[in-house]
Amino acid sequence: MAQQFYSLSVKDISKTTPDCAVVSFDVPESLQPEFEFRQGQHLTLKTNIAGEEVRRSYSLCSSPFDKEWKVAVKKIDGGVFSGFVNDELKAGDVLDVMNPHGNFFVEPKPEAQIHYVAFAAGSGITPIYSILKTHLQAEPNAHFSLFYTNQNVSSIILKEEIEALKNQYLDRFEPYFFLTQEERDVTLFNGRMNEEKLEKISQYFLDLPTVDHFFLCGPEELIFMIRDYLVKKGVDEKKIHFELFTTAAGQKRMRKAATAQTVSENMSEITIKEGGKNFKFKMARDSESILEAALRHNSGLPFACKGGVCCTCKAKLVEGKVDMEVNYALEKEQVEAGYILTCQAIPLTETIVVDFDQ
Ligand code: FES
């Protein structure tokens, strides 16, 4: 489904922790087909703040069964958008919201006995909460173990909701809370997640070979540490699904783009197909991403993170070759089928045709 923004009003806004607001949107019935979503997907929000367009992606922290569109926005230091949401946004305000997207999910199999394991840190819980709530409801025999790290008890996002699920699915859902700035009696649960803790977790709480799917969400460093540990222990990479916060590495292209020069050699002709229309322009190779160049030519292409994480800028490469610096969003099968992240794609050939409608 084509990615585009729709104006939605804020139905409700409340705090799950002192610095994290949960925003729910009013999706009119006529738009609900466009806003159908899968557990673990996200919404891109857009507004003008102090005269500048700002857009950010946030994972939905509701389940598709809820028929609710909710995101949790944690206030970060100096965060323009997160500060606006936490301090100024109120019920009734209108934001531009892109229809849901993202690949961070697996199909529920109602009859199967599946063991899911999730590792989350901080606001990384939001897609994980959507995922675990959905699987527990859709699969009566599914089992879910959650290992969730926060600074202290008061910073645990969606704590009450997780506890309510624990009460509802007593014998199928096991949440374990880890705190980095508060000490409790069991030392395993104190401090950052690291290899030593993962060893103990695998020893006491998990039988790694019998786990069907692992979901990881949090900062890059943590997620890669857990992924590498699991791979080292023989877990098939196909079972490991992860979603990162925006990465510094992935945004390198943006900095390059600011200084991109148009030179007469090594030019590529780019054709963008979007919304049934073709749009053509020329760009210098190895200077900036196709998305950046298209935006400079005033195209209204969809994007959010520009860091290879959110998948909003996904399109199919119909002709030509590109190089992607990072890809944290597309599955191997999608890459094989010709999909690219245009925010990471640098043209390698003279002619490139990219289709956003496929
Ligand atoms: S804009 Fe997020 S992956 Fe390209």
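The values are calculated or read from the model by the stated rules, or taken from the named source; none is laboratory data. Since the model is a prediction, treat every value here as computed from it, not as a measurement. Positions of Cβ are backbone-derived with ideal geometry, glycine not excepted, and every protein chain shown enters the neighbour counts.
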Checking the structure you have, find out if any residue of the stretch 84-99 is more than 27 Å from Leu341 (Cβ to Cβ) and touching a Gly at 6+ places or on another chain (Cβ under 8 Å).
no
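Every residue, every condition in (1) within 14 Å of the ligand (Cβ to nearest atom); (2) among the polar types (S, T, N, Q), yes or no:
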{"site": "Ile270", "(1), (2)": "no, no"}
{"site": "Glu288", "(1), (2)": "yes, no"}
{"site": "His297", "(1), (2)": "no, no"}
{"site": "Pro302", "(1), (2)": "yes, no"}
{"site": "Glu325", "(1), (2)": "yes, no"}
{"site": "Ala337", "(1), (2)": "no, no"}
{"site": "Gln358", "(1), (2)": "no, yes"}
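One line per residue, one yes/no per condition, for (1) at pLDDT below 90; (2) in contact with a helix residue (DSSP H, G or I) (Cβ under 8 Å, 6 or more places away or on another chain):
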position	(1), (2)
Phe279	no, yes
Lys282	no, no
Ser287	yes, yes
Glu292	no, yes
Asn298	yes, no
Ala304	yes, no
Gly307	yes, yes
Val326	yes, yes
Kindly establish whether Glu292 is away from the ligand (no atom under 16 Å from the Cβ) and among the acidic types (Asp, Glu).
no
Scan the stretch 75-82 and give yes if some residue there is modelled with pLDDT under 95, surrounded by fewer than 19 Cβ atoms within 10 Å (Cβ to Cβ), outside any loop (DSSP other than H, G, I, E, B) and on the phi < 0 side of the Ramachandran plot, otherwise no.
yes
Taking the stretch 86-113 as the region of interest, how many residues are out of contact with any Phe, Trp or Tyr (no Cβ under 9 Å at 6 or more places or on another chain) and over 18 Å from Phe245 (Cα atoms)?
16
May I ask you to list the residues in the stretch 107-128 that are surrounded by 17 or more Cβ atoms within 10 Å (Cβ to Cβ) and of a type in the set (S, T, N, Q)?
Ser123, Thr126
Pair list, Cβ under 6 Å, 6 or more apart: the stretch 132-146 residue outside the structural domain of Gln41 (by TED's automatic domain parsing), other residue polar (S, T, N, Q)
Lys133/Ser63; Thr134/Gln39; Thr134/Ser63; Asn141/Gln113
Residue by residue through the stretch 184-200, note down the ones that are free of Cβ contacts under 8 Å to residues at least 12 places away in the same chain and surrounded by 12 or more Cβ atoms within 10 Å (Cβ to Cβ).
Arg184, Glu199
Out of Glu319, Glu333, which single residue is of a type outside the set (Ser, Thr, Tyr), away from the ligand (no atom under 15 Å from the Cβ), over 15 Å from Phe356 (Cβ atoms) and loosely packed, with under 14 Cβ neighbours inside 10 Å?
Glu333
